[in-house]
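K.L.:
Got a structure for you, written out below as structure tokens; questions coming shortly.
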Amino acid sequence: MSRPGGPGPGRFTEPTLGQLAPEHRLRRLELLVTRRLDGLLHGQHLGLLPGPGSEFTGAREYRPGEDEVRRMDWAVTARTTLPHVREVDADRELTTWLLVDSTPSMDFGTAELDKRELAVAATAAVGFLTAGTGNRLGAHLLDGTGIRRLPARTGRTHLLGLLNLLLAAPRRDTSGPAPSLADAVTTLHRAARGRGLAVLVSDFLDGLPDTEGGTPDWEPAVRRLGVRHQVLAVEVVDPRELELPDVGLITLVDPETGRRREVSTADRRLRERYAAAAAGQRELVRQALRRSGAAHLPLRTDRDWVADVVRHVHSQRRLAGAGRPPTAAVRGGAV
């Protein structure tokens, strides 16, 4: 099934989010996120390596000449009659890595936002919510020319620079063969060596199998990424990708290849087949992300994306609370 194309040449001549006072829009976005999500995400990651810190993880026997006496665990020592020292998790900052899809399929939109602008909003939300003292944010931007890498850095200035870069990226740039989503995930996995949070923002339409029962090309790469990192997959969807309205004769365009096909949306059976095929695609993506161990956050261009983020955060909090012991400390910030 061909992917719906852009809504026409005039759509891209209108002012974009980047042209409509981007700094003002970004500040308003930050205010929305911090007000509506305040207190939900602060302090959710643990130290990953043993070392000096504040989180108690157990006790072991004292080693003369190696251990400091001030780390003695006197309660365990008295109970076992052997000297023991406390072991703790190191206090670690969070490093978040973003992979943002800016390929031509993301230039589609029939609601207030198009898919690329919603991807920028999701990126902003992740950046604002994982911001904290010492926390770093890095990004890989996938577009029609290749993969652009931004090193992990701290600070709001770095985040705003990343968002403005996304907003200013050229639309429908097909000057060269774009890497696949699978290649982009593999590149991110190689670059992000330390453990942290990996966020994939895409429509995940690239690399889907042509036959029923197949698996997406990117699934093995996402699974490998999940071995080292906590993975959040943000799926960006437009309503016209899920169902066709009855508007007569239209031309569908695959933005990746430029293939065109005229169809009559007055045909009820065609609309039903389109909706069934689209639902099958989305279910395939959902199942693949689930098998890969990634948290799945679907966002739609015609819905309140902040409310969807809030619901996702609450569900993740409930899951974390059910599976985490009461003594687990929370520090930093993670989605």
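K.L.:
Residue 136's amide H: which non-local residues (gap 5+, or another chain) put their own amide H closer than 5 Å, with H modeled 1.01 Å from N in plane and none for Pro or chain starts?
P.N.:
Those lying under 5 Å, H to H, from residue 136 are 94, 95, 96.
K.L.:
A further question on this structure: Arranged by the count of other C-beta atoms within 10 angstrom, fewest first, what order do 202, 264 take? Can you show the working numbers first?
P.N.:
On the way: 202 25, 264 12.
Lowest to highest Cβ neighbour count: 264, 202.
K.L.:
Give me a comma-separated list of calculated 3J(HN,Hα) values for segment 78-85, in order, Karplus coefficients 6.51, -1.76, 1.60 applied at θ = phi - 60°, integers in Hz, x for any Gly or Pro.
P.N.:
5, 6, 9, 6, 10, x, 10, 10
K.L.:
Arranged by the count of other C-beta atoms within 10 angstrom, fewest first, what order do 66, 87, 117 take? Can you show the working numbers first?
P.N.:
Working: 66 7, 87 16, 117 22.
Listed from fewest to most nearby Cβ atoms, that is 66, 87, 117.
K.L.:
How big, in percent, is the set of alpha carbon pairs in segment 207-318 lying more than 16 Å apart? Spell out each step's value before the answer.
P.N.:
Working: 4306 of 6216 pairs.
Cα-Cα pairs in segment 207-318 separated by more than 16 Å: 69 percent.
K.L.:
Could you put 62, 274 in order, starting from the residue whose Cβ has the fewest other Cβ atoms within 10 Å? Walk me through the intermediate numbers first.
P.N.:
Values: 62 17, 274 22.
Fewest-to-most ranking of 62, 274: 62, 274.
K.L.:
Using only the Cα atoms, what convex hull volume per residue in Å³ does segment 74-143 have?
P.N.:
Working: hull volume 10.2 nm³, N = 70.
Taking only Cα atoms, segment 74-143 has a hull volume of 146 Å³ per residue.
K.L.:
Hey, if you drop one equal point scatterer on each alpha-carbon of segment 135-211 and run the Debye formula without solvent, what base-10 log of I(q)/I(0) do you get at q = 0.18 Å⁻¹?
P.N.:
With no solvent term, the Cα-only Debye profile gives -0.85.
K.L.:
While we're on this one: Once phi is turned into θ = phi - 60°, what whole-Hz ³J(HN,Hα) does the Karplus curve with 6.51, -1.76 and 1.60 give for every residue of segment 219-225, x standing for Gly and Pro?
P.N.:
Rounded to whole hertz, the list is 4, x, 5, 5, 5, 5, 4.
Just so you know, all these numbers are worked out from the coordinates, no wet-lab data involved. On a predicted model such as this, the values are computed, not experimentally measured, just so you know. Neighbour counts are summed over all protein chains in view; Cβ atoms, including those assigned to glycine, are modelled from backbone coordinates with ideal geometry.
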